[in-house]
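The values are calculated or read from the model by the stated rules, or taken from the named source; none is laboratory data. Here the structure is a predicted model, which is why all the values come from computation and not from measurement. Backbone-built Cβ (ideal geometry, glycine too); neighbour counts: all protein chains shown. Ligands, DNA and RNA are excluded from the accessible area calculation, which covers all protein heavy atoms including side chains. Shrake-Rupley method; radii C 1.70, N 1.55, O 1.52, S 1.80 Å.
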Amino acid sequence: FTYSHICSFTNYNHTPLIFNLDNMKPKTFLTIIVCLLFVASGMAQQTAALHSNGTVTFFPNSNGFTNAVAAAADGDTIYLSGGIFPVSSFTIDKKLTIYGVGHSPQHTLATGVTQINGTINLISGADHSYFSGLYINGNIQVGTTTQNQNVSGVIIRRCHINGMLRLTHDGNED
């Protein structure tokens, strides 16, 4: 008797998608599992998944995003499910890659939009961070003082910012 680790799913054309788990690379397998968990959670609960040093840690609930950022190390990746993540105002001071499921309701019906409500402050140390698939209902600001506004190489791709993108601190110490 031989047991093979095979998973099968069907896509929107009802064509079977088969994954042979015996020959799959661990990183590919992990990515598939994380994606399946996000689809399974759907709109029921906001979840952030922190991928750090080969392990994945889940942060369920609306504070998951801020908790994942706090727990992340320089160079880590955070995946966000659909849902609203209220952040008020918080600071990123390390290189992070952050993926949401998307910002357009027409194209994210199954998962919902990844929405961040509040201001994201990028300060020295956040160089080369990457943001994708987010609807930001607030601002992205580089620097909170003139001393910590030296940030470079940040990529914001496929995001909608319903607020302001401030590329330098304005000199006012709010």
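For residue 169, which sequence-distant residues (separation of 5 or more, or a different chain) have an amide H within less than 5 Å of its own amide H, given hydrogens modelled in the peptide plane?
Those lying under 5 Å, H to H, from residue 169: there are none.
Order 92-103, 48-59, 146-157, 70-81 from most to least packed using the mean count of other Cβ atoms within 10 Å.
Descending mean neighbour count gives 92-103, 70-81, 48-59, 146-157.
Using amide H atoms built 1.01 Å from N in the peptide plane, name the residues 5+ places from residue 160, or on other chains, whose amide H lies under 5 Å from its own.
Amide H to amide H, under 5 Å and 5 or more residues apart or across chains, residue 160 pairs with 134, 135, 136.
What is the sum of charges, Lys and Arg at +1 and Asp and Glu at -1, for the other residues whose Cβ falls under 12 Å from the Cβ of residue 125?
Result for the neighbourhood of residue 125: -1.
Quick one: the Cα spread of the stretch 71-174 along its three principal axes, in angstroms, biggest first?
Its Cα atoms span 43, 26, 21 Å along the three principal axes.
What accessible area per residue comes out for the stretch 54-174, rounded to a whole number of Å², with a 1.4 Å probe?
48 Å²
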